[in-house]
1. Select from region 56-107 the residues that are in contact (Cβ under 8 Å) with a residue 12 or more places away in the chain and of a type in the set (D, E, K, R) and list them in ascending order.
2. In region 86-117, how many are surrounded by fewer than 21 Cβ atoms within 10 Å (Cβ to Cβ), hydrophobic (A, V, I, L, M, F, W, C) and assigned to a loop (DSSP other than H, G, I, E, B)?
3. Does region 20-57 hold any residues that are over 20 Å from ALA283 (Cα atoms), at pLDDT 95 or above and hydrophobic (A, V, I, L, M, F, W, C), and which are they?
4. Find the residue count for region 201-233, including only residues that are within 13 Å of GLY290 (Cβ to Cβ) and small (Gly, Ala, Ser).
5. State yes or no: is ALA230 modelled with pLDDT of 95 or more and either within 16 Å of ALA31 (Cβ to Cβ) or among the charged types (D, E, K, R) (or both)?
Amino acid sequence: MPFNRKPQKFNASIKEVEIGCGDKAVKIGGANVFPFYSFDGTVGNAPKVGVEISDMGLEHEPEGVKAYYAGATTMAEIAKKAAEMPGADFVVLRLEGGDPNGANKSVEELVAVAKEVADAVDAPLVVEGCKNVEKDGELLPKVAEALQGKNVLLMSAKEENYKAIGAAAGLAYNQKVGAESAVDINLAKQLNVVMTQLGVSADSVVMNVGTATVGYGYDYVISTMDRVRAAALSQDDKMLQMPIITPVASETWAVKESTASEEDAPGWGPVEERGVSMEVQTAAADLVSGSDAVILKHPQSVATISKMIKELM
């Protein structure tokens, strides 16, 4: 008996959001099928890969990352090399130095770094805060103002500071806004609802529904992304039809498998190989679960995931 495949068709689709300007601008989202289901319908834009750099420089980065940026001494030079990394679609500047419990750099200093990076590259730019809610609520609106006309994505607006970031990035300065929630479909939807009630266009919102490193309760990530994509397509839930971006690098390079020395864990193999493995596995899982863009930092990871995307599209 022959097998007759029946394509799964939906009357809804994921919104398309553009980041950057000119020929280098990228679009994420746009699919009306499940991830990589090109046999069912329109997959929209291919998932994109971003390269993360930090205002804290390269001192604490893996050796392979340091080697790639060899010779780059300023943030502008580092940003240019990030934009040129094979497989990269956009650059991500993480302003982790703003953390009050860390370097506690001033808002003015961090805005200057963002301006230096934005002026150095023509690739699309995403700017992440320092993960401190109060500091980001002060910092990201200033970054949005300083980068007017660049069409950047500001990450991330959370429940506690979405009014400040959303009003500045999404309304006053016509930037894109990243809405960050904690691996929960209801929290993700609620943040999108209040963001659009604020006046931010749904077409300017990109979701960061959160992630974990594979092996660290990752089943919650898969189920959340699956439910978000299913509700967006099969239920035509317009408050869950924003594309998803996932910061993978900051999660995967912080776990013990990526940081434990070979002396402390002799049976685990070379430390950098472990880190790359964790980054690649997590990014691949995020993409097939519903993420439209992933943020990585190791050149090997970027090349591997970029190749995976091309072969699956």
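The values are calculated or read from the model by the stated rules, or taken from the named source; none is laboratory data. Given the structure is predicted, the values throughout are model-derived calculations rather than measurements. Every residue, glycine as well, gets a Cβ built from its backbone with ideal geometry; the counts of neighbours run over all protein chains shown.
1. Across region 56-107, the qualifying residues are GLU61, GLU63, GLU77, LYS80, LYS81, ASP89, ARG94, GLU96, ASP99, LYS105.
2. Here the count works out to 1.
3. Passing the criteria: CYS21, ALA25, MET56.
4. Selection size over region 201-233: 5.
5. So ALA230 fits the description; yes.
Here is a yes/no grid of residues against (1) free of Cβ contacts under 8 Å to residues at least 40 places away in the same chain; (2) part of a loop (DSSP other than H, G, I, E, B):
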residue	(1), (2)
ARG5	yes, yes
LYS9	yes, yes
SER13	no, yes
VAL17	no, no
LYS27	yes, no
PHE34	no, yes
SER38	no, yes
GLY41	yes, yes
ASN45	no, yes
